[in-house]
Amino acid sequence: DDVVWSNLQRAWWLHVRTLGKDMKTSGNYSASNVEQAILRLKDVMINDGKPIEAVRILDQAGIRMVFVECKNSCIDAVCTWLDEQTPVIGMTLRFDRIDNFWFVLRHELAHVQQGYADCLPVDCDLGKKAIHKLEDEANAIAQEFCAPAKLVERFLLGCNGRITESTVAKYAKENKINPAVLAGQIR
């Protein structure tokens, strides 16, 4: 499939790649390093760790991560590759919410796991129905990472329409989910 880019998306993507080229990582990229990084990221997310820890974990797994703002756009992120061994994740952080950070990061890591791609589209309005199978797959993986659909559904059925901060916090703790991430998935 040919990727259709807007001028803004192309400029943003090129900026992400340029910043990524200027970076070095402390670890080397490999599929097993990515798997280990995802397990570590899950632990950080569950335990209310800071997003900066994610940058360190990805660096150790050989994945470059950059944050490039893109005001007044629907751009969320991109996974791009400088070559077959050098993935770069670029994020805009357009929503200042921790649940969105973890969802978008895990979505892009799903693209890393899908393997080297010459040209992936810039991800806009993540979480909505995607037009490409790989995007739908990445959305599903991200949701399951953040708050598994079965657990969210069970919570919604059990709360009888009465969602409070304390019921979310209690359920999240019982099921090893970050409460802010659970609240974001409910939203």
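A short reminder: the numbers here are calculations on the coordinates, not readings from a lab. As the structure is a prediction and not an experimental result, all values here were calculated from the model. Note that each Cβ is placed from the backbone with ideal geometry, even for glycine, and that neighbours are counted across all protein chains shown.
Go through the stretch 74-187 and tell me which helices (runs of 4 or more DSSP H), entirely inside it, have 1 or more residues that are touching a Gly at 6+ places or on another chain (Cβ under 7 Å).
On the way: elements: 98-114, 133-146, 149-158, 165-174, 179-186.
The helices (runs of 4 or more DSSP H) meeting that bar are 98-114, 133-146.
Do you know which of the residues in the stretch 67-115 that are more than 20 Å from residue 38 (Cα to Cα) and among the β-branched types (Val, Ile, Thr) is surrounded by the most Cβ atoms within 10 Å (Cβ to Cβ)?
For the stretch 67-115, the residue satisfying everything is 75.
Looking at the stretch 34-54, is at least one residue more than 30 Å from residue 171 (Cα to Cα) and surrounded by 13 or more Cβ atoms within 10 Å (Cβ to Cβ)? If you could, list the steps in order and put the result at the bottom.
The initial filter retains those residues of the stretch 34-54 that are more than 30 Å from residue 171 (Cα to Cα), namely none.
No, the stretch 34-54 contains no residue that is more than 30 Å from residue 171 (Cα to Cα) and surrounded by 13 or more Cβ atoms within 10 Å (Cβ to Cβ).
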